[in-house]
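Report on the structure given below.
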Amino acid sequence: MASSKEYLDFLLEQLSELTDITYKSMMGEYIIYYQGKIVGGIYDDRFLVKPVKSAIKLMPNADYELPYEGAKEMLLVDDVDNKDFLVELFNSMYEELPAPKVKKKK
């Protein structure tokens, strides 16, 4: 099942206090970027983030879920209605997220 554009719009509104939030549509789902780094994504209208230490610390009881078959587990963000929490989550995760891979020119 693909994610809805409405859920994406809702999440982007919740993250509106942060600068440089972007997204990419991928096979009906959405990858969410913060300052060029992948934080997580929207999969089947669920917001999942990478399970880095700071995210686990902020959400110790979060469920681990698969975004899609064959993928690595990610953390389910239940508190998407809390803008302050989302800002804190993104800011705390940023330093732990891997830098974007540099694409080689052909």
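The values are calculated or read from the model by the stated rules, or taken from the named source; none is laboratory data. If you're wondering where the values come from, they're calculated on a predicted model, not measured in any experiment. Positions of Cβ are generated from backbone atoms using ideal geometry, with glycine treated the same way; all protein chains shown enter the neighbour counts. The accessibility values were calculated without ligands, DNA or RNA, using every heavy atom of the protein model including side chains. Shrake-Rupley method; radii C 1.70, N 1.55, O 1.52, S 1.80 Å.
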Only residues in the range 62-75 that are closer than 15 Å to M27 by Cα count as the first member; pair them with residues that are part of a loop (DSSP other than H, G, I, E, B) and of a type in the set (A, V, I, L, M), Cβ under 9 angstrom, at least 6 apart or cross-chain, and list the lot.
Y68/M27
Considering the range 1-31 alone, what residues qualify as being hydrophobic (A, V, I, L, M, F, W, C) and surrounded by 13 or more Cβ atoms within 10 Å (Cβ to Cβ)?
A2, L8, F10, L11, L12, L15, L18, I21, I31
For the range 67-82: of the residues being in contact with an Asp or Glu (Cβ under 9 Å, 6 or more places away or on another chain), open to solvent by 20 Å² or more (accessible area, probe 1.4 Å) and at pLDDT below 95, which is nearest to Q35 (Cα to Cα)?
D78
Filter result for Y34 (farther than 21 Å from K83 by Cβ and either touching a helix residue (DSSP H, G or I) at 6+ places or on another chain (Cβ under 8 Å) or open to solvent by 80 Å² or more (accessible area, probe 1.4 Å) (or both))
no
Output the qualifying pairs, or none if there are none: Cβ atoms under 6 angstrom, residues six or more apart or on different chains, first residue in the range 7-20 and of a type in the set (S, T, N, Q), second residue in a helix (DSSP H, G or I) and surrounded by fewer than 19 Cβ atoms within 10 Å (Cβ to Cβ).
Q14/K83
